[in-house]
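First the structure, in the form of structure tokens, and then the observations on it.
Where a number appears in this text, it was derived from the coordinates with a stated rule and is not lab data. Given the structure is predicted, the values throughout are model-derived calculations rather than measurements. Using ideal geometry, Cβ is built from the backbone for each residue, glycine included, and neighbour counts are taken over all protein chains shown.
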Amino acid sequence: MKSEIKVKLVSLYETDYQLWLDKTAAELRSQDFSNLDLENLIEEIESLGKSEKHAISSYLMQLCEYLLKMKYWESERESCFRGWDLEVANFRLQIQAQLEISPSLKSFLQDNFPKQYKNGRKLFLKASRLDSRIIPEEPDFTLEQALDEDWLPWQPE
């Protein structure tokens, strides 16, 4: 009997994800642990963590890209600075929101900073077509500076 229920749940997971979520939540609320589709539930929980890490990594990469634009892309700075400043503020807010929900991601962010700086640098170089030799391969600002809402790598006059 139990194996029949499990087969139905696995099938439900594959055929109607929302209904599977509703049933799983109801089973958890009623503490009906014997009917839980544990395999897919564990997979979903692990996936949530990966999604949060992916999102915060993406925001950090884009933040680095825009900080580099502000500092090094002189020919576009005057006409684009306001938009870049808005994007920097947006990415900082997104990162802060993620850290409020999951403070443990701060150490992940610190560990991931060099990689995301390099990715942001690649995007910046592709957009600007500037000589890569003038853009540092390693960050010339810290993660703390990048996240500080009062810090910018270049200030308008």
Difference of contour (0.36 nm per residue) and Cα-Cα distance, residue 34 to residue 122 | 26.7 nm
³J(HN,Hα), Karplus 6.51/-1.76/1.60, whole Hz, each residue of the stretch 83-92, x for Gly, Pro = x, 4, 4, 5, 5, 4, 4, 4, 5, 4
For the chain, alpha-carbon Rg and Dmax in angstrom | 22.1, 75
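Find the relative contact order for the chain and round it to a whole percent, using C-alpha pairs within less than 8 Å whose residues are 6+ positions apart.
Values: 113 pairs, mean separation 38.5, N = 157.
Computed over the chain, the figure is 25 percent.
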Any chance you could run the full-extension gain for residue 107 through residue 80? It's 0.36 nm times the residue separation minus the Cα-Cα distance, nm to one decimal.
-> 6.5 nm
For the stretch 70-106, list residues with backbone N below 11 Å from a point placed 7 Å from the Cα of residue 140 toward its Cβ?
-> 71-73
